[in-house]
Amino acid sequence: MSGDALVRHYDGGQDLVAKALDLLREAGKDLDKLGIDDLAGLDEFHVRGREATLSLARRLALAGGERVLDVGSGIGGPARRLACLAAVDVTGIDLTDAYVRLASELTRRTGLQARVRFQTADALSLPFAAGSFDVVWTQHVQMNIADKDLFFAELFRVLAPGGRLALYDILQGPGGPVIYPMPWAFDPAMSRLATPTAFRAAIEAAGFVVEQWEDMTAVARDWAARRYGGPGPGGAATVARLLGARNAAGAANIPRNLAEDRIALVEAIARRPAAA
């Protein structure tokens with residue numbers, strides 16, 4: 001799948017800045033005094049939402065002052081949250097320019113632009129010098145990436161020796177083929193899921209040492225049952241309302257794929273060895 005086709009899949013050709021601001025205004029938010037909690041529900045595109053970001057952040061245990069690269073930063077929710085949790089400096093990159101524009105606007109409106117910035121870039125060709133970051137953070141990004149070896153080699157390259165990789169990702173489960181559409185793919189041709197074994201092997205082949213590896217599938221299954229088990233929050237600014245019907249059709253299959261073990265979710269921390 002070409003980069004242009006992937007971008008069209010994610011942005012849907014919409015003016016996301018205008019749409020997001022309209023949704024926030026409709027939800028009763030003051031656009032001139034936005035806080036990061038005002039954006040909860042809107043700016044975290046991954047399974048378990050803000051809960052997943054906080055879980056991975058606890059696992060990472062940032063000390064403060066780290067240089068963080070968020071690969072596949074979406075509209076910036078995790079990057080902004082990390083900057084507030086531990087006073088880190090965050091650079092986010094995403095292939096979808098519409099996401100980058102919205103991430104930058106929401107960051108400006110929450111007053112975090114001095115510590116959080118975004119740019120359009122390809123995860124397979126990161127525009128940064130070797131050793132530029134202390135932490136690389138990524139959530140639900142590699143499902144469209146066929147070349148896992150190149151992906152992890154790039155993440156390894158931009159990390160300083162001793163730096164850490166924090167990831168939360170969707171993998172192929174043991175229960176059979178994924179039922180599509182899903183948020184990242186309308187059909188199997190768009191999807192590049194790896195099994196947990198192959199995924200971990202690609203991380204280690206890049207030179208990382210895996211320090212933590214936690215299967216979060218059961219947690220995600222419980223979350224999905226609650227999240228999709230009743231009517232959505234009417235009038236709220238949510239991911240579903242921002243991205244529209246095409247995304248909603250994919251999201252509707254999340255509970256079934258989880259319930260039938262067709263997808264698996266993993267949280268992991270890996271380190272670039274200090275001598276590497």
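Working carefully through the options L62, L102, L42, find the one that is surrounded by 18 or more Cβ atoms within 10 Å (Cβ to Cβ) and in a helix (DSSP H, G or I).
L102
Please work out which residue is surrounded by the most Cβ atoms within 10 Å (Cβ to Cβ), limiting yourself to the stretch 144-155 and to residues that are assigned to a helix (DSSP H, G or I) and under 18 Å from the mean Cα position of the chain (by Cα).
The qualifying residue surrounded by the most Cβ atoms within 10 Å (Cβ to Cβ) is L155.
For V210, work out the one condition from (1) in a loop (DSSP other than H, G, I, E, B); (2) at pLDDT 95 or above it doesn't fulfil.
(1)
Which pairs do you get when a residue that is free of Cβ contacts under 8 Å to residues at least 40 places away in the same chain, found in the stretch 72-98, comes within reach of a residue that is assigned to a helix (DSSP H, G or I) and surrounded by fewer than 20 Cβ atoms within 10 Å (Cβ to Cβ), reach meaning Cβ atoms under 6 angstrom, with the pair 6+ apart or on two chains?
L85/A57
What are the residues in the stretch 45-57 that are assigned to a loop (DSSP other than H, G, I, E, B) and open to solvent by 30 Å² or more (accessible area, probe 1.4 Å), if any?
F45
Going residue by residue through the stretch 15-28, is there one that turns out to be in a helix (DSSP H, G or I), out of contact with any helix residue (DSSP H, G or I) (no Cβ under 8 Å at 6 or more places or on another chain) and surrounded by 20 or more Cβ atoms within 10 Å (Cβ to Cβ)?
The answer is no, given that none of the residues of the stretch 15-28 is in a helix (DSSP H, G or I), out of contact with any helix residue (DSSP H, G or I) (no Cβ under 8 Å at 6 or more places or on another chain) and surrounded by 20 or more Cβ atoms within 10 Å (Cβ to Cβ).
For the stretch 172-201, which positions are open to solvent by 40 Å² or more (accessible area, probe 1.4 Å), modelled with pLDDT under 95 and not in a loop (DSSP other than H, G, I, E, B)?
Hits for the stretch 172-201 are P188, A189.
Going by the structure shown, is A129 in contact with a Lys or Arg (Cβ under 6 Å, 6 or more places away or on another chain), more than 30 Å from N253 (Cα to Cα) and not basic (K, R)?
No.
Kindly check whether there is at least one residue in the stretch 78-94 that is in contact with a Phe, Trp or Tyr (Cβ under 8 Å, 6 or more places away or on another chain), closer than 21 Å to Q14 by Cα and either modelled with pLDDT under 95 or of a type in the set (S, T, N, Q) (or both).
No.
Can you spot a residue in the stretch 86-93 that is exposed (fewer than 15 other Cβ atoms within 10 Å of the Cβ) and part of a loop (DSSP other than H, G, I, E, B)?
yes
Run R271 past the list (1) of a type outside the set (A, V, I, L, M); (2) at pLDDT 95 or above; (3) open to solvent by less than 30 Å² (accessible area, probe 1.4 Å); (4) touching a strand residue (DSSP E or B) at 6+ places or on another chain (Cβ under 8 Å) and report the number of the one that doesn't hold.
So R271 meets the others, but not (3).
Within the stretch 63-72, identify whether any single residue is on the phi > 0 side of the Ramachandran plot and within 18 Å of the chain's Cα centre (by Cα), and answer yes or no.
yes
At pLDDT 95 or above and under 25 Å from E105 (Cβ atoms): which single residue out of V135, V158 fits that description?
Being at pLDDT 95 or above and under 25 Å from E105 (Cβ atoms) holds for just one of V135, V158, which is V135.
The values are calculated or read from the model by the stated rules, or taken from the named source; none is laboratory data. Keep in mind the model is a prediction, meaning the values are calculated, not measured. Cβ sites come from the backbone with ideal geometry, for glycine too, and all protein chains shown count toward neighbours. For the accessible areas, the whole protein counts, side chains as well, though only heavy atoms, and no ligand, DNA or RNA atoms are used. Shrake-Rupley method; radii C 1.70, N 1.55, O 1.52, S 1.80 Å.
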